[in-house]
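Here, each number is a calculation from the coordinates, and none is a lab measurement. Predicted model, so just to flag it, every value in this text is computed and none were measured. Methodologically, a virtual Cβ is constructed for each residue, glycine included, from the backbone with ideal geometry; neighbour enumeration extends over all protein chains shown.
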Amino acid sequence: METERTRLLRIARQNERLLEDSRERQARFQQLLDISQELARAQVGETVLLQRIAQRGAGVLNADVAAVLLVDDGALVLGAAFGDADDLFGAGARTETRGRLVDALRMSDAVMLPAIGWGRLGMVLPLRAAWKVVGVMAVARHAERPFTADDVLIGTMFATHAATALENARVYQETREANRRKDDFLARLAHELRNPLAPLVNALQALGRLAAAPDVTRLQTIMAHQAGHLGALVDEILDVSRLRFDKLTLNLQAVDLRDVARHSFDALQLSPLAEGHDVALAVPPEPILVQGDPLRLEQVVSNLLNNAVKYTPRGEPIRLLLERNASDAIMTVRDRGIGIAADMLPRVFTMFTQAERSRHRAQGGLGVGLALVRALVERHGGTVSARSAGVGQGSEFTVRLPLWRAPGRADGETRARHARRVLIVDDDPRERDALRTLLESAGHAVAVADGHPAAVEVAAFFRPEVTVIDVGAPGLDSHEIARRVKRLPQCRHTYVVGLGAVPRDLSRARPPLFDVHLVKPVSATTLVGLVAHAGRRAE
Ligand SMILES: Nc1ncnc2c1ncn2[C@@H]1O[C@H](COP(=O)(O)OP(=O)(O)OP(=O)(O)O)[C@@H](O)[C@H]1O
Ligand SMILES: [Mg+2]
């Protein structure tokens, strides 16, 4: 009876040990799985990955030393180490150990190293990814803890995962490098193409002005048109590379989107592309102001309009609509053209994407227009979306941009209290109009002049409380204008704002002509706030 009890107890203990062993094994394999997944997902450079392999390899194999050695020019070179790997497997390794490390390259299984010094024994695992051996991983631990069959199994599996991760990292790095070289090449190509193109376009324009035989004029028109087309393509490539290198800058200012829509519409009307197309524009009577770069916003609208024309048969309607809600300006380009298939719709804004069908129709283009549109709109804090009920059902592109809010605009009292007479002197009609729109919508009375002597003549009767002068425009002596305006008795106290492309130290001029100098692009809020408060001095 007693013996039976002892036997049962022994069996129970054995079972307990087995259970514990199996739990331990399970934990080790789970650890192997976790580490393998971590290595597979790691998006790091090769150096960091090698370091991680050595460290995790030591961990999963309960080793105190680990080394990753890579094949380099026929030799094995230490790529990463954990513990005293240099002494055991690197420069300080025994000759025999070194020989075994190289041998392991030819093996498909683990190679055991019974004595490698420092009271350690080792195991070497070939790092094999698919058919290629990239190196070996060697681990070591104290001689009293020999490697088990489980260690060999785990080591072999770990080495396979590690080698695959290394190979992936290499491919990833090579792809990135190739991509970067391609981007560099595109940027250089566009610059190089642009250089001969500019004089060519100029020469063709000059040729057009000369009286010539009708045939020559006709040829000149064709060439000028094609050169213009080439120029537009080169500019597109340039923009793509600017975006890639994050070098696309915006010249932000207050912009009335009605002007943007009208300019883009007019440009399209002038282009032969629009011939025979029924394009119409609808804008509201009141300004729709946003903060933006007018040229870039025109590029957005022109791209959408060009697409509409390209992908719509003649005679079918194309509409450009501008409206607003409480917070956004909404611009829509709607056509009844070939439409966009449902599977293509989510991809139209991706760089270099074109629908198969449109390529077959030889519509040309690089497939970058909409990618540029999206990037530009997003830079302006807006969104763009595409809708189509499917092939043959027409398309609709909608751009939303946050409305610019003039401080105190909604508040009639603030508006009246701070209303100023502002004179804007700028020789660029677009900038002048943008500033005027901005300041008028903030409740100020605005007069404009394109330079001297108009500025002084207008100032004499308008008595500006604030004078904003473009500094650094080639045809405009801003200092002379400021001096002459201030010399008028009725303008002695006018507050003079200089708007320039570069920062300036105004304190040097005695007496100072400019009260403040703002560097373009000036934020709408800054300028409106400044004008509202600055004018008080003149009261
Ligand atoms: N209004 C539209 N109607 C139908 N398909 C369109 C329309 N606009 C764009 N697409 C589809 O989306 C694709 C991408 O347009 P995107 O403007 O980016 O390139 P593209 O017009 O082909 O070339 P480009 O770089 O000269 O603009 C087009 O090739 C076309 O298949
Ligand atoms: Mg396009």
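Things worth noting here:
- Here the residues S36, S327, ranked from fewest to most Cβ neighbours within 10 Å of their Cβ, fall in the order S327, S36.
- Phi to ³J(HN,Hα) by Karplus 6.51 cos²θ - 1.76 cosθ + 1.60 over segment 111-119, Hz, x for Gly, Pro: 10, 8, 10, x, 9, 10, x, 6, x
- Net lengthening on full extension, K247/T221 (0.36 nm per residue, minus Cα-Cα): 5.9 nm
- For A447, residues with placed amide H under 5 Å, excluding near neighbours: V422, L423, I424
- Dipole of the chain [Lys/Arg +1, Asp/Glu -1 at C-beta], most positive-end residue of A162, A213, N62: A213
- Taking Cβ atoms as reference points and 15 Å as the exclusive limit, the residues near R181 contribute a net charge of +1, counting Lys and Arg as +1 and Asp and Glu as -1.
- Residues in segment 53-92 reached by a label modelled at E46 [backbone nitrogen below 14 Å; 7 Å Cα→Cβ]: 69-80
- Taking GluC sites (Glu not before Pro) across segment 190-294, the ones in a DSSP loop with at most 13 further Cβ atoms lying within 10 angstrom of their Cβ are E275.
- Counting other Cβ atoms within 10 Å as a rough exposure proxy, the listed residues M137, M344, M157 run M157, M344, M137 from fewest neighbours to most.
- Helix-only [θ]222 nm of the chain, DSSP H runs n ≥ 4, -39500 (n - 2.57) each, per residue, nearest 500: -16000 deg cm²/dmol
- The residues neighbouring S385, those whose beta-carbon lies less than 11 Å from its own, together hold a net charge of +2 under the Lys/Arg +1, Asp/Glu -1 convention.
- Taking 0.36 nm per residue of separation and subtracting the current Cα-Cα distance, fully stretching the chain between E286 and E4 would add 91.3 nm.
- Charge tally for L105 (other residues, Cβ to Cβ under 13 Å; Lys, Arg +1; Asp, Glu -1): +2.
- Under Karplus coefficients 6.51, -1.76 and 1.60, residue-wise ³J(HN,Hα) of segment 15-26 in Hz, glycine/proline x: 4, 4, 5, 4, 4, 4, 4, 5, 5, 4, 4, 4
- At R0 = 22 Å, FRET efficiency that the Cβ-Cβ distance of H533 and E457 yields, to 0.05: 0.20
- Tilt relative to the chain, helix 524-534 - C-alpha long axis, 0 to 90 degrees, to 10: 50 degrees
- Here the 3J(HN,Hα) profile of segment 159-169, calculated from phi with Karplus coefficients 6.51, -1.76 and 1.60 at θ = phi - 60°, is 4, 5, 5, 5, 5, 5, 4, 5, 5, 4, 4 Hz, Gly and Pro shown as x.
- Point-charge dipole on Cβ atoms (K/R +1, D/E -1) for the chain, about Cα centre, debye to 20: 700 debye
- Acute angle (nearest 10 degrees) that the helix 429-441 long axis makes with the longest principal axis of the chain, alpha-carbon atoms: 90 degrees
- Taking 18 Å as the straight-line reach from the Cα of K520, the lysines in range (excluding those fewer than 8 positions away in the same chain) are K247.
- Residue separation of D34 and R319 scaled by 0.36 nm, minus their Cα-Cα distance, works out to 96.9 nm of gained length.
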